[in-house]
Amino acid sequence: MSNILLILGHPSKNSFCNSLMDAYARGAECSGSEIRTIYVGELNFNPNLSEGYKDRQSNILEPDLEKAQHAIQWADHLVLVYPTWWGSMPAITKGFIDRIFLPGFAFKHQKGVNFPEKLMKGKSIRILVTMDAPKLWFYLFYRASQYRMLRQLVFDYVGFSPIRFNTFGFMRKSTPEQRLKWLNKVEDMGKKQK
């Protein structure tokens, strides 16, 4: 039994991403896990970290971001679901990551040490990504660049392990049968709490 935090990075609940998140939740609930959800598109916050970490914006969070940080601390496992738009995640989701995974919360620099202390150790993450491109194209020609960036420069940097990705596409050409197959696969993931 785990504490699982589901984060919808699609700005709209009326999306296949939300259906994937619901499928994972159904599976996880069957295994007795406790579930919490964050809908990034419904949060009230400024996604622009305008002065980087130099200014007070990174130290004073809006109430919705404070609640999100508490939920992340509570969770053993995170599931982030978002669509690929122009080769990356939606701007609101990137802004959420910029504003949430701050020094002192997600990592901590120490004087005389090149690499930070990873404050998210002991937590795992699964990232479910939809795209309107063929999967083969994404892996062969783009070499899953957004996944490498997220793994190396974000989630490993702060201590998540393991970090798993699942890709769902070619969305525009998918059939109802294919989408149902994907939803069943994600529900099975939730049952295994991975």
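So the values come out like this:
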item	result
Residue in region 1-16 that is least open to solvent (accessible area, probe 1.4 Å), counting only those that are closer than 16 Å to Asp76 by Cβ and either at pLDDT below 95 or assigned to a helix (DSSP H, G or I) (or both)	Ser2
Any hit, region 176-185, residues being surrounded by 14 or more Cβ atoms within 10 Å (Cβ to Cβ), among the aromatic types (Phe, Trp, Tyr) and more than 30 Å from Gly32 (Cα to Cα)	no
Condition check for Pro103: closer than 24 Å to Glu66 by Cα and at pLDDT below 95	yes
The listed residue being closer than 20 Å to Pro90 by Cα, in contact with a Ser or Thr (Cβ under 6 Å, 6 or more places away or on another chain), outside any loop (DSSP other than H, G, I, E, B) and modelled with pLDDT of 95 or more, out of Val154, Val129	Val129
Residue check for Thr93: in a strand (DSSP E or B) and either of a type outside the set (Asp, Glu) or in contact with a Pro (Cβ under 7 Å, 6 or more places away or on another chain) (or both)	no
Residue, farthest from Phe165 (Cα to Cα), within region 17-50, restricted to residues that are of a type in the set (D, E, K, R) and assigned to a strand (DSSP E or B)	Glu34
Any hit, region 70-78, residues being among the hydrophobic types (A, V, I, L, M, F, W, C), open to solvent by less than 10 Å² (accessible area, probe 1.4 Å) and part of a strand (DSSP E or B)	yes
Hits in region 163-175 - residues which are modelled with pLDDT of 95 or more and open to solvent by 80 Å² or more (accessible area, probe 1.4 Å)	Arg164
Residues located in region 96-126, provided they are open to solvent by less than 70 Å² (accessible area, probe 1.4 Å), in a loop (DSSP other than H, G, I, E, B) and farther than 22 Å from Tyr39 by Cβ	Gly104, Pro116, Leu119
Identity of the residue in region 79-90, open to solvent by less than 40 Å² (accessible area, probe 1.4 Å) and not in a strand (DSSP E or B), that ends up nearest to Asp64 (Cα to Cα)	Pro90
Cβ pairs under 8 Å, 6+ apart, first in region 108-132 and closer than 20 Å to His70 by Cα, second open to solvent by 90 Å² or more (accessible area, probe 1.4 Å) and outside any loop (DSSP other than H, G, I, E, B)	Glu117/Lys108; Leu119/Lys108
Considering residues of region 19-39 that are open to solvent by less than 30 Å² (accessible area, probe 1.4 Å) and touching a strand residue (DSSP E or B) at 6+ places or on another chain (Cβ under 6 Å) only, the residue farthest from Met189 (Cα to Cα)	Ile38
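The values are calculated or read from the model by the stated rules, or taken from the named source; none is laboratory data. Keep in mind it's a predicted model, so treat the numbers as computed, not measured. Cβ atoms come from the backbone with ideal geometry, glycine included; neighbour counts cover every protein chain shown. Side chains included, ligands, DNA and RNA excluded: accessible areas come from the protein's heavy atoms. Shrake-Rupley method; radii C 1.70, N 1.55, O 1.52, S 1.80 Å.
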